[in-house]
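Everything on this sheet refers to the single structure shown next.
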Amino acid sequence: ETMERARAKFRDRPDVTLGLALALSAAKRHADSLAMFATVVTEAKGRNEGLLDSEFYFKWGAAAEQAGQVEKAAELLRKSIGLDPDTPEAYNYLGYMWVDKGQNLEEAGQLIKRAVEMSPTNGAYLDSLGWYYYKVGKFDDAKKQLLAAIEKLTEEDPVVLDHLADACEAMAQHPEAIGYWERALKLKPDEPEKLQQKITAARQKQAEAK
C-alpha cells in the first residue's frame with residue numbers, strides 16, 4: 001500500500017514503479033507484480049534506461065518463477081546473464097529452477113557449475129550443484145557437495161538438509177538420512193508432513209534391512 005501511494009505521487013519515477021513491482025511479488029500478488037515489471041520497461045525507456053540492467057531482469061525473472069511462469073522466468077534470467085555474464089546469481093537461479101523441476105538437466109548443471117566456479121564458497125550454489133548430481137543419479141557426488149554446502153552456510157537450512165537426506169537415502173544410508181530429516185524438522189520447514197513421511201519410510205526400510 002505504501003508503494004502504491006508512492007507510485008501515485010511519483011509517476012515519473014520508474015525506480016518507484018520497480019519498488020512497487022517487488023513489493024507486489026513479496027505479497028504474492030504475482031499477476032500484478034509481473035504487469036508492474038513490464039510497466040517499468042515502458043516507463044524507463046528514454047528516461048532511465050540504466051535501470052534495465054542485469055539485476056532488473058534477474059529480479060523480474062525471480063518474480064516470474066515465483067509466479068509459476070517457468071518459461072518466462074528462463075527468458076528473463078537468460079537476459080540477465082546476457083547483460084552481465086560475470087554475475088553468478090542468475091546462473092544459479094536458472095540452473096536450480098530447472099533442476100528442481102527435472103528440466104534441461106545437462107544445461108542446468110553447466111549453469112550451476114559456472115556459478116560455483118565464480119563463487120566456490122557459496123553454500124547456496126553448492127546446494128544447487130549437489131541437487132543437480134542427485135537428480136542425475138550421482139549420489140556420492142551429491143552427498144559430497146551437499147555436505148560442503150552445509151559447512152559453508154552461516155545457518156542450517158531445512159531445504160539443504162532435506163536434499164542431503166534424500167542423497168543418503170538413495171544410497172540406503174537410512175540412519176544418516178533420518179538424522180538429517182530430523183534436523184530439518186527442528187528448523188520448522190514449510191512442509192513438515194512430507195519430511196515426516198520420509199522419516200517413516202526410511203525407518204521401515206531400515207527395519208526391513210535388519
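The values are calculated or read from the model by the stated rules, or taken from the named source; none is laboratory data. Owing to the predicted nature of the structure, the values given are computational and were not obtained by experimental measurement. Because the Cβ atoms are built from the backbone with ideal geometry, glycine has one as well, and the counts that use them run over all protein chains shown. To get the accessible areas, we keep the full protein, side chains included, count just its heavy atoms, and leave off ligands, DNA and RNA. Shrake-Rupley method; radii C 1.70, N 1.55, O 1.52, S 1.80 Å.
Tabulated data for the structure shown
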read-out	value
Number of the exception - residue 200 against (1) open to solvent by 60 Å² or more (accessible area, probe 1.4 Å); (2) under 24 Å from the mean Cα position of the chain (by Cα)	(2)
Members of the stretch 151-170 found to be within 20 Å of residue 198 (Cα to Cα) and β-branched (Val, Ile, Thr), listed by number	159, 160
Leading residue by the ranking (least open to solvent (accessible area, probe 1.4 Å)) among those in the stretch 5-14 that are assigned to a helix (DSSP H, G or I) and within 13 Å of residue 39 (Cβ to Cβ)	14
Residues that are open to solvent by 50 Å² or more (accessible area, probe 1.4 Å), more than 12 Å from residue 183 (Cα to Cα) and part of a helix (DSSP H, G or I), drawn from the stretch 136-162	139, 140, 141, 144, 147, 151, 152
Residue in the stretch 118-132 that is assigned to a helix (DSSP H, G or I), under 25 Å from residue 60 (Cβ atoms) and over 16 Å from the mean Cα position of the chain (by Cα) present	yes
Near pairs, Cβ below 7 angstrom, 6+ apart or cross-chain, from the stretch 72-99 (within 22 Å of residue 130 (Cβ to Cβ)) to any residue that is open to solvent by 60 Å² or more (accessible area, probe 1.4 Å) and outside any helix (DSSP H, G or I)	98/104
Sole exception among (1) without any contact (Cβ under 8 Å) to a residue 12 or more places away in the chain; (2) more than 26 Å from the chain's Cα centre (by Cα) for residue 48, by number	(1)
Residue tally, condition over 19 Å from residue 127 (Cα atoms) and open to solvent by 80 Å² or more (accessible area, probe 1.4 Å), over the stretch 163-187	2
Scope the stretch 18-33; condition open to solvent by 80 Å² or more (accessible area, probe 1.4 Å) and assigned to a loop (DSSP other than H, G, I, E, B); matching residues	28, 29
The one condition in (1) more than 23 Å from residue 201 (Cα to Cα); (2) within 16 Å of the chain's Cα centre (by Cα); (3) among the acidic types (Asp, Glu) that residue 162 fails to fulfil	(1)
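For (1) hydroxyl-bearing (Ser, Thr, Tyr); (2) open to solvent by 30 Å² or more (accessible area, probe 1.4 Å); (3) on the phi > 0 side of the Ramachandran plot; (4) in a loop (DSSP other than H, G, I, E, B), each residue gets a yes or a no:
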| position | (1), (2), (3), (4) |
| --- | --- |
| 16 | no, no, no, no |
| 35 | no, yes, no, no |
| 50 | no, yes, no, no |
| 74 | no, no, no, no |
| 103 | no, yes, no, yes |
